[in-house]
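The values are calculated or read from the model by the stated rules, or taken from the named source; none is laboratory data. It should be emphasised that the depicted structure is a prediction, and the values quoted were computed from it without experimental measurement. FYI the Cβ positions are ideal-geometry reconstructions off the backbone, even for glycines, and counts take in every protein chain you see. For the accessible areas, the whole protein counts, side chains as well, though only heavy atoms, and no ligand, DNA or RNA atoms are used. Shrake-Rupley method; radii C 1.70, N 1.55, O 1.52, S 1.80 Å.
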Amino acid sequence: MKTVVVHYSRYGTTRTIAQTLAAELGAEVREIKAVRERGFLGMGLRAVWGIPMGIRPMDLAFAGVERIVLCTPIWAGKPANPVRTFLKEAQLEGKRLAVLFTAGGGETGRAREMIRNSLAGKRVEVTFLGEIVTRKVGEDQLRAEARKLARALQG
Ligand SMILES: Cc1cc2nc3c(=O)[nH]c(=O)nc-3n(C[C@H](O)[C@H](O)[C@H](O)COP(=O)(O)O)c2cc1C
């Protein structure tokens, strides 16, 4: 199955996981980049108030791609704002979307609901791969978690 691993990462943990996952799956990686990155408070306020964050031009068409593995940090219980922009702009019709959250250990129920809602009416098959807790976790452990996940996705 042709898979692309898409991620957004402000501090690097989600990037480490996405890159490892992609290497294991033999998949292409695409990074969502914010037009302007913000500090912790700026991100937090935008997450709480739902203020959109623009993303830089990237390939949003996914021609010939069957599955997209989307890796997103949780901000204030929600998918990070640049990922929310990606979900609005990407051409995901007819695709399988597998979502992985990175978080400090908080709840992801609301984030799942927001992703489902943002895709309502579109023909997208969404599954959730769970959450990798990144708080006080070293890079080696993040890579190990990603490899475990890759095995599950391959199996
Ligand atoms: C603005 C902001 C808000 C966050 N809110 C939450 C939260 O509500 N729950 C949680 O478990 N983690 C939260 N986190 C932690 C991140 O989800 C976690 O550190 C993630 O691994 C960051 O990914 P990155 O290193 O790729 O940027 C927040 C982080 C930031 C920067």
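Annotations for the structure displayed:
- Local electrostatic count at E93 - Lys and Arg +1, Asp and Glu -1, tallied over other residues with Cβ under 9 Å: +3
- Principal axis dimensions, the stretch 3-154 - Cα atoms, whole angstrom, descending: 38, 38, 28
- Tally of Lys pairs whose C-alpha atoms are under 17 Å apart, taken over the chain, 8 or more apart or cross-chain: 5
- Largest first, the extents of the alpha carbon coordinates of the stretch 9-95 on the three principal axes equal 37, 26, 22 Å.
- Residue-normalised accessible area of the stretch 3-154, expressed per residue, 1.4 Å probe, Å²: 51 Å²
- Database remark: amide H of V126 closer than 5 angstrom to the amide H of L97 (H placed geometrically; neighbours at sequence offset of 5 or more, or on other chains; Pro and chain starts carry no H).
- Remark: the stretch 75-86, residue by residue, has Karplus-estimated 3J(HN,Hα) of 10, 6, x, 10, x, 3, 3, x, 6, 5, 5, 4 Hz, where x stands for each Gly or Pro and the curve is 6.51 cos²θ - 1.76 cosθ + 1.60 at θ = phi - 60°.
- Highest-MSF residue in the chain out of F62, F40, F101 [GNM, Cα springs under 10 Å]: F40
- Heavy-atom accessible surface of the stretch 91-155: percent carbon and sulfur, 1.4 Å: 42 percent
- Less than 5 angstrom separates the built amide H of T102 from those of T72, I74, I132, all sequence-distant by 5 or more or on a different chain.
- Full extension of the chain between K88 and R151 gives 19.7 nm of extra length, using 0.36 nm per residue less the Cα-Cα distance.
- Cα→Cβ-extended label distance, 7 Å offset, between M58 and R36, nm: 2.0 nm
- A protection proxy built from the mean count of other Cβ atoms within 10 Å ranks the segments 2-15, 23-36, most packed first, as 2-15, 23-36.
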